[in-house]
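To start, the structure itself, in structure tokens.
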Amino acid sequence: ITALRENPRKLGRYAVHVEGKSVAVVGAAYLHEARLAVGVMLDEAAGDRLLLAARKIEAFDRAAAALGRRARSAHELERWLLQRGFEHVDVADAVARLTEIGAIDDSQFARAFARSRALGKGMSRRRLTQELARRGVARPMADAAIADVMDEESVDERALLEAAARKKLATMHGQDPETVKRRLYGFLARRGYASEDIAAVVRTLLAELDAKA
């Protein structure tokens with residue numbers, strides 16, 4: 001080893017230089033654990049362990065950075081890392097470590113997701129359940145999160161449906177009634193509402209439009 005250089009932008013991350021060339025980036029803990037220092041000779045086994053540690057650190061750092069940009073479920077984060085070429089074992093290790101320190105919490109993720117999508121986008125319970133399932137959140141955890149949010153926010157799903165329909169309707173000025181009806185149905189169906197509830201709300205809104213005409 002000819003140099004150990006700490007990354008000034010990532011404190012605690014050291015580039016290990018062998019014969020003048022950077023071969024791996026590892027954490028300070030690994031330097032201590034492996035007793036790496038300038039002048040230490042690396043045999044083949046030690047070199048393999050160094051590269052393994054570097055892979056794990058890179059997966060962990062990339063995962064932590066991704067979580068810093070937006071919240072993700074454990075499943076989403078695993079898929080994101082695998083799509084970027086990380087090995088399954090390193091992905092599993094990174095996700096386990098992030099879960100252990102509380103950076104990943106599927107229960108909290110499910111609650112935040114349900115609150116955002118229900119209040120911000122007018123999604124129904126059924127659609128929320130589908131979306132959380134797509135993100136790998138277990139059904140019991142998803143159901144509990146959705147129920148908690150609906151209770152905490154005193155959400156009336158029929159009122160949520162009507163609010164979403166009215167908001168969409170406000171963007172459809174100048175369109176004929178049949179087009180309005182068709183597009184409202186499609187919009188609300190994609191949010192997971194039952195067809196009979198959609199029909200009732202659409203009838204009400206169209207009747208109001210007729211009354212104003």
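Overview of values
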quantity: For the chain, calculated [θ]222 nm from helices alone, where every DSSP H run of n ≥ 4 adds -39500 (n - 2.57); calculated: -21500 deg cm²/dmol
quantity: H173-D151 FRET efficiency (beta carbon distance; Förster radius 45 Å; 0.05 resolution); calculated: 0.80
quantity: Proximal lysine pairs, the chain, alpha carbons under 19 Å, eight or more residues apart or interchain; calculated: 8
quantity: Cα long-axis angle, helix 139-152 against the chain (0 to 90 degrees, to the nearest 10); calculated: 60 degrees
quantity: Protection-proxy order for peptides 164-177, 24-37, each taking the mean of Cβ atoms within 10 Å per residue, highest first; calculated: 24-37, 164-177
quantity: Cα long-axis angle, helix 106-121 against the chain (0 to 90 degrees, to the nearest 10); calculated: 40 degrees
quantity: Dipole axis of the chain (+1 Lys, Arg; -1 Asp, Glu on Cβ), positive-most option in L209, S154, A94; calculated: L209
quantity: Angle in degrees between helix 125-134 and the longest Cα principal axis of the chain, rounded to the nearest 10; calculated: 20 degrees
quantity: Stretchable slack from A144 to L42, in nm (0.36 nm times residue separation minus alpha-carbon distance); calculated: 31.5 nm
quantity: Centroid-to-centroid separation of region 68-104 and region 164-181 [C-alpha atoms, Å]; calculated: 42 Å
quantity: Normalised per residue, the volume of the convex hull around the Cα set of region 170-213 (Å³); calculated: 65 Å³
quantity: Cα centroid separation - region 30-62 against region 1-15, whole Å; calculated: 12 Å
quantity: Label-point separation, L119 to W80 (7 Å along Cα→Cβ), nm; calculated: 2.3 nm
quantity: Distance histogram for region 1-80 (every C-alpha pair counted, 10 angstrom bins, percent rounded to whole numbers); calculated: 17, 46, 24, 12, 1
quantity: Per-selection Kirkwood Rh - region 91-213 (Cα, Å, 1 d.p.); calculated: 16.0 Å
quantity: Given charges at beta-carbon only (K, R positive; D, E negative), |dipole| of the chain in Debye; calculated: 800 debye
quantity: The chain: translational diffusion in µm²/s, Stokes-Einstein, Kirkwood Rh over Cα pairs, 25 °C, 0.890 mPa s; calculated: 117 µm²/s
quantity: Region 74-135: projected area of the alpha-carbon convex hull, averaged over directions, in nm²; calculated: 4.5 nm²
quantity: Computed over region 94-166, the ratio Rg/Rh where both radii use C-alpha atoms and Rh is Kirkwood; calculated: 1.04
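Each value in this text was obtained by applying a stated rule to the coordinates, not by laboratory testing. In this text the structure is predicted, and so the values were computed from the model without any measurement. Because the Cβ atoms are built from the backbone with ideal geometry, glycine has one as well, and the counts that use them run over all protein chains shown.
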